[in-house]
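Notes to accompany the following structure.
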Amino acid sequence: MSSAQTPAVPASSMSVLDAIYRRRAVRDYKPETLDRETIEALLDAAVHAPTAMHIEPWSFVVIQDKDLLNKLSDKVKELLLKEVEGQTSEPAQKKRAYANDPNFNVFYNARTLILICAKSEDISNKADCWLAAQNLMLAACANGLGTCVIGLSIGLFNTPEVKEYLGIPSNVSPAAPILLGFPAGDTPTVPRKPPEILSWK
Ligand SMILES: Cc1cc2nc3c(=O)[nH]c(=O)nc-3n(C[C@H](O)[C@H](O)[C@H](O)COP(=O)(O)O)c2cc1C
């Protein structure tokens, strides 16, 4: 892996601002699998995120086994159904509908999932992991790759059985599951509200 002066991700003509405005949550991927070199380069971009007290509290799990991703998707759906049992709120109803849909794969049939794990439950460690996640997503976007955070799967990745299976030590907390792959098409822009400024003194 490279030093901060030499980006491991190939140079792209896209500016940082372009990547910020063009990045989309991609939910449709081509079946091609990403190579190790590209993934390592994106992980290198991730670890160049700011980190409180320079602790660098992140570690990574890469899952590219299609059958495993399908099994994990089924497990996420099982867990979601348990979580929303008896609940009638709108988010609970949405989650139930997703979980009951046999055609819904929580990982959208993507071939790569990068799980960014925090080396403790400490809030600043988790914040660092999310900053690393954003670095990774912007670097991927600048290189024509799609990403999507899969918050629905965080609960499953934090269960003792799944952590043990993935070789995640008990004191390490999965924080940010990020899909990664070649987008199958264009993803429409999702508009944002203007920033709400509470005070400016
Ligand atoms: C913490 C977090 C969790 C998310 N979880 C999911 C998820 O489980 N499934 C999904 O399809 N998108 C998920 N997303 C993506 C958001 O739905 C998406 O970012 C949002 O709709 C805005 O779209 P954009 O990223 O294309 O601008 C998540 C995003 C964040 C930041």
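The values are calculated or read from the model by the stated rules, or taken from the named source; none is laboratory data. Because the structure is a prediction, the values reported are computed rather than measured. Here Cβ is always computed from backbone atoms with ideal geometry, including for glycine, and neighbour counts include all displayed protein chains.
Evaluated against (1) under 20 Å from ASP74 (Cβ atoms); (2) surrounded by fewer than 16 Cβ atoms within 10 Å (Cβ to Cβ); (3) within 16 Å of the ligand (Cβ to nearest atom); (4) not small (Gly, Ala, Ser), PRO188 falls short on exactly one condition, (1). Of the residues making up the stretch 127-171, those that are among the small types (Gly, Ala, Ser), more than 12 Å from the chain's Cα centre (by Cα) and on the phi < 0 side of the Ramachandran plot number 5. Restricting to the stretch 40-81, give me the number of residues that are farther than 17 Å from ILE168 by Cβ, among the β-branched types (Val, Ile, Thr) and surrounded by 16 or more Cβ atoms within 10 Å (Cβ to Cβ). Adding up the residues that qualify gives 2. The residue pairs whose first member lies in the stretch 97-108 and is without any contact (Cβ under 8 Å) to a residue 40 or more places away in the chain, whose second member is in a helix (DSSP H, G or I) and of a type in the set (S, T, N, Q), and whose beta carbons are closer than 9 Å, counting only pairs six or more residues apart or on different chains, are PHE104/SER73; ASN105/ASN70; ASN105/SER73. May I ask you to verify whether LYS71 is charged (D, E, K, R), in contact with a helix residue (DSSP H, G or I) (Cβ under 6 Å, 6 or more places away or on another chain) and closer than 28 Å to ASP35 by Cα? The answer is no for LYS71. For the stretch 91-178, the helices (runs of 4 or more DSSP H) that sit wholly inside it and include 3 or more residues that are within 15 Å of the ligand (Cβ to nearest atom), modelled with pLDDT of 95 or more and closer than 30 Å to MET14 by Cβ are 123-142. Residues in the stretch 20-58 that are polar (S, T, N, Q) and assigned to a loop (DSSP other than H, G, I, E, B): THR33, THR51. Among the residues of the stretch 1-19, the ones that are within 16 Å of the ligand (Cβ to nearest atom) and either surrounded by fewer than 14 Cβ atoms within 10 Å (Cβ to Cβ) or in a loop (DSSP other than H, G, I, E, B) (or both) come to 1 in all.
Pairs linking a residue in the stretch 17-41 that is more than 12 Å from VAL62 (Cβ to Cβ) to a residue that is away from the ligand (no atom under 16 Å from the Cβ) and of a type outside the set (S, T, N, Q), with Cβ atoms under 6 Å and 6 or more positions apart or on different chains, are LYS30/PHE182; GLU32/PHE182; ALA41/ALA8; ALA41/VAL9.
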